[in-house]
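Notes follow the structure.
Read the figures in this text as sums done on the coordinates, not as results from a lab. Keep in mind that this is a model prediction, so the values were computed, not measured. Cβ placement follows ideal geometry from the backbone for every residue including glycine, while neighbour counts extend to all protein chains displayed.
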Amino acid sequence: MHILYEDAHLIAVEKPQNCPVQPDKTGTLSLMDRTKDHYEFMLGKPLSYLGLVHRLDRHTGGVVVFAKTPNAAKKLSAIFASHEVDKRYATLVEGAIASNEATLSHTLLIDEKLNFVKVVPPGTPGGKEAKLSYRLVHMTTCEDGPLSLLEIRLHTGRQHQIRVQMAQMGHPVLGDEKYGAQYGHYYKKSMHLWATDLSFRLFGKKYHFHSDAPFSTL
């Protein structure tokens, strides 16, 4: 466990990739359970409360915040629901990005049975607006072609949002075969998407948490 920060209201932890935030049908040990086990081992007693207030995709690593009290959980859930959180991600995508900065807006529709998200025309029943901004950090190359390292700011928090929107632009996240990544097998061993920063205000205090992406120095 990598605990980034803790106080009376919340715990910020670093989520490993390929780890679900909460228990799921696969039976993989979740981040919530890891956190509970860590505190029970360290303190000799279980946490009295651990509240889930937001999620990351299973394949995405980085900053996750849990509430330590029901009141904090209620407040944090409202903050995330109203998009009062500054969310930053790092991602390595296939191809050479043409613009150094851009804002992307799409309408996304979830196929629950396939756990797959697609871009649909605005006004499609069940579709939800998705918006993000990106900034090119640097470009590099691998044996299969060019790569672009991006800093992404989410304006909405849709399922698979970054993965789908970047794939729609012809630049799938490196290693994300589900949404069209095609570079060599070495790079498909992990998805290059990381939640690097979370910032918000809670009970009058400004919080900011950071976690370095393992691929940020490529």
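Among rounded, prolate and oblate, which fits region 88-193 when a ≥ b ≥ c are the square roots of the eigenvalues of its C-alpha gyration tensor, a/c under 1.5 means rounded, and a/b larger than b/c means prolate? Oblate shape, in that a/c is at least 1.5 and b/c is the bigger or equal ratio.
Cross-link partners of LYS87 among aspartates and glutamates, defined as those whose alpha carbon lies under 20 angstrom from its own and excluding same-chain residues fewer than eight positions apart: GLU6, GLU14, ASP57, GLU101, GLU129, GLU151, ASP197, ASP212. Here is the list for region 1-88: GluC sites (Glu not before Pro) lying in DSSP coil, each with at most 15 other C-beta atoms within 10 angstrom of its C-beta, are GLU84. Let me know the longest stretch in the chain that avoids all trypsin sites (Lys or Arg not before Pro) found in a DSSP loop with at most 10 other C-beta atoms within 10 Å. With trypsin sites (Lys or Arg not before Pro) excluded where exposed in loops, the chain gives 114-218 as its longest stretch.
So if we plug the beta-carbon distance of SER82 and GLU143 into 1/(1 + (r/R0)^6) with R0 = 45 Å, what FRET efficiency do we get, rounded to 0.05? Calculated transfer efficiency: 0.50. The ranking of HIS138, HIS155 by Cβ neighbour count inside 10 Å, starting from the fewest, reads HIS138, HIS155. Checking every one of the GluC sites (Glu not before Pro) in region 135-218 against DSSP loop status and a limit of 10 other Cβ atoms within 10 Å picks out GLU143. Per-residue ellipticity at 222 nm from helix content only, as computed over the chain with -39500 (n - 2.57) for each DSSP H run of at least four residues, stands at -4500 deg cm²/dmol.
Pairs with C-alpha atoms separated by more than 25 Å, drawn from the list LYS36/LYS178; LYS36/LYS74; LYS45/LYS68, are LYS36/LYS178.
Excluding the site residues themselves, the longest part of the chain lacking any chymotrypsin sites (Phe, Trp or Tyr not before Pro) in a DSSP loop with at most 15 other Cβ atoms within 10 Å is 50-202. With the simple model of a label 7 Å out from the Cα in the direction of the Cβ, MET42 to HIS2 spans 1.5 nm.
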